[in-house]
Amino acid sequence: MSKEYIHHQHAHCESGVTSNLLRHEGINISEPMAFGIGAGLFFGHLPMLKVNGVPGTTYRIWPGAIFKRVAERLNISIKAERFRSPDKAMQALDNVLATGKPVGILGSVFYLPYLPEAFRFHFNAHNLVAYGKQDQDYLISDPIMEDVATIAPADLVKSRFAKGTPEPSGYMYYVTGTSKEMDMAKAIQQGIKQTCFFMLSPPIPWFGNKAIFLLANRISAYPKKLPPRKAALYLGNVVRMQEEIGTGGAGFRYIYAAFLQEAGQLLKRDDLLEYSTELTSIGDDWRNFAYHAARILKARQSDIVSYDELSELLRKCGTREKDLFKKMEKLKW
Amino acid sequence: MTVNEVPQDKRDIKPGDNLKKVVYAVDKDGNYTGVNSAGWEAENVAIKQAWDEIDENLADTEKQVLAGTLSPLPYFMLKNLMDVALLARYAGKWQWQVKRHFKPDVFNALDTAMLDKYAQIFNITKEELTGYVKDKKST
């Protein structure tokens, strides 16, 4: 008989699902640890990729990466599948659930009626856990929710087969086996190295630390190039990506600082603890940026001076992060 | 951010806005911990802005639908937070085809299968879709 699944609330969906699925297997890993080992921190700004007419901004790595990397780095075997046919996808889910295993699912938040309406946009990269069935309905543990929920099969199918960018195509994943040989120190090191690489190395302006400066330049140009309403919408989207549900505050910077702290304590390394404190302070700068951005939104007018000031606040975040990741890149292990 | 700086500015944008999400903050000993937050003013302003934009577009479009310059299709598209690209993807059509269906004459001549498809995408009945203007005017 399988053991009972326990729901823990987390800040972010994918690192939360990763933590909950691994805890079910007896591997006690916190959300920040999963986020750090999975190298979840990132930045990207894509002016040409418009979502609902607004340029895309992201503070995290692409969906699916965190769970896979954590599993790989901790010697955990997993199975991850995509499907063409909704029927096959639901059958496969039922089959795994029947064995008593909780399953990670990728879906669109628009078709998840248990979520608060204010958050339900066509965002197709949300992660949740199905941990059983009750009659026809599925038992759902959504890491961003305080409690578990249920969902009707018809809604779950729509969510798993939502169209748009990206398309989840029924993606589901679960743990198939764990290993006794888990080298946390090595996993942490690999996670940090990868994050430094992704932040500092991309030679193109849209990804990594460089993209923060790209966004800063764009923001100072908004009032000159865009009608006030559009400028405000663009800016509002940046704030939403940074602070709306799932980032744990300051666009994942606080979660990552929590990871550095936990890693520092585990490995007894003062340098990691110092970097954690530094990133907390950088996170506060990001929050300051969001606070001032919201003031412009509320004023409902585009005032060139304030967009310029905002752009400066963002540059400060970018400069300080570049500094931090350059130091972390040189860490001796 | 310290634990006592975690904002508790309650969101009040849509019904049922009572989710207390987790954010990470530092306690008095400098240790990170997850804290529940009812919301933050800055974030609430940005979410409200996104919904206001949707509501305004929807109201504009509704006027045009009732005036007979647009078919009911764009109204239901916006109501479901979709744009032409996304609706076309769901309908399995090209964007120009969906845009053509925005013309009342073209829409009125659509076959049952296409209307069923649209109704299914919007989770309504075919009658609710085609009878939108009549229903709206009779109430």
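The values are calculated or read from the model by the stated rules, or taken from the named source; none is laboratory data. Treat the numbers as computed from the prediction; the structure is a model and nothing was measured. Every residue, glycine among them, receives a Cβ derived from its backbone with ideal geometry; neighbour counts consider all protein chains shown. Ligands, DNA and RNA are excluded from the accessible area calculation, which covers all protein heavy atoms including side chains. Shrake-Rupley method; radii C 1.70, N 1.55, O 1.52, S 1.80 Å.
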* To do: Output the pairs from A:Lys88/A:Lys158; A:Lys193/A:Lys322; A:Lys186/A:Lys332; A:Lys50/B:Lys103; A:Lys230/B:Lys48; A:Lys50/B:Lys63 with a Cα-Cα distance over 19 Å in this structure; if there are none, say none.
  => A:Lys50/B:Lys103; A:Lys50/B:Lys63
* **Within chain A, longest stretch free of exposed trypsin sites (Lys or Arg not before Pro) [DSSP loop, at most 11 other beta carbons within 10 Å]** => A:85-179
* Over the stretch B:54-138, average the accessible area per residue using a 1.4 Å probe and give it in Å², no decimals. => 56
* **Of all DSSP beta bridges in the protein assembly as shown, antiparallel share, percent nearest 5** => 95
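What is chain B's relative contact order, in percent, from Cα pairs under 8 angstrom and six or more apart in sequence?
About 16 percent, as a whole number.
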* Order the following by accessible area, largest value first: A:Glu14, A:Glu274. Probe radius 1.4 Å; ligands, DNA and RNA are ignored. => A:Glu274, A:Glu14
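Quick one: work out Rg over Rh on the C-alpha atoms of the stretch A:184-333, Rh as Kirkwood radius.
1.03
How long are the three semi-axes of the equivalent ellipsoid of the stretch A:13-177, in whole Å, if each is the root of 5 times an eigenvalue of the C-alpha gyration tensor, listed from largest down?
One finds semi-axes of 23, 21, 14 Å for the stretch A:13-177.
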* To do: With a 1.4 Å probe and all protein chains in place, put B:Thr33, A:Thr178, A:Thr99 in order of accessible area, largest first.
  => A:Thr99, A:Thr178, B:Thr33
* Expected-Rg normalisation [2.2 N^0.38 Å, Cα atoms] applied to the protein assembly as shown -> 1.01
* Considering the dipole of the stretch A:184-329 built from charges on the beta carbon (Lys and Arg +1, Asp and Glu -1) around the Cα centre, which of A:Ser306, A:Asn288, A:Gly191 is farthest to its positive end? -> A:Ser306
* **Heavy-atom accessible area ranking, 1.4 Å probe, most first, across B:Glu41, A:Glu329** => A:Glu329, B:Glu41
* Structure fact -> Measure of exposure for B:Asp12: accessible area at 1.4 Å probe, Å² rounded to 10, is 130
* Asked: So for the pair A:Asn217, B:Thr139, with labels modelled 7 Å out along Cα→Cβ, what separation do we get in nm?
  -> 5.1
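I want the antiparallel fraction of DSSP beta bridges within chain B, as a percent rounded to 5.
Antiparallel: roughly 75 percent of the beta bridges in chain B.
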* Structure fact -> To the nearest 20 debye, chain A has a Cα-centred charge dipole, built from +1 on Lys and Arg Cβ and -1 on Asp and Glu Cβ, of 1140
* Given Cα pairs under 8 Å that are at least 6 residues apart, what percent is the relative contact order of the stretch A:41-181? -> 27
* Structure fact -> Rounded to the nearest 500, the 222 nm mean residue ellipticity computed for the protein assembly as shown from DSSP H runs (n ≥ 4, each -39500 (n - 2.57)) alone is -16500 deg cm²/dmol
* To do: Could you tell me what fraction of 2.2 N^0.38 Å the Cα radius of gyration of chain B comes to, as a two-decimal ratio?
  => 1.49
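Quick one: compute the contact order of chain A, relative version, from alpha carbon pairs under 8 angstrom and 6+ residues apart, as a percent.
Relative contact order comes out at 20 percent.
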* Asked: Between A:Ser281 and A:Lys88, what length comes free when the chain is fully extended (0.36 nm per residue of separation minus the Cα-Cα distance, one decimal in nm)?
  -> 64.7 nm
* Asked: Which is farthest toward the positive dipole end of the stretch A:184-329 among A:Pro203, A:Tyr275, A:Met328, measuring Cα position about the Cα centre, with Cβ charges +1 (Lys, Arg) and -1 (Asp, Glu)?
  -> A:Pro203
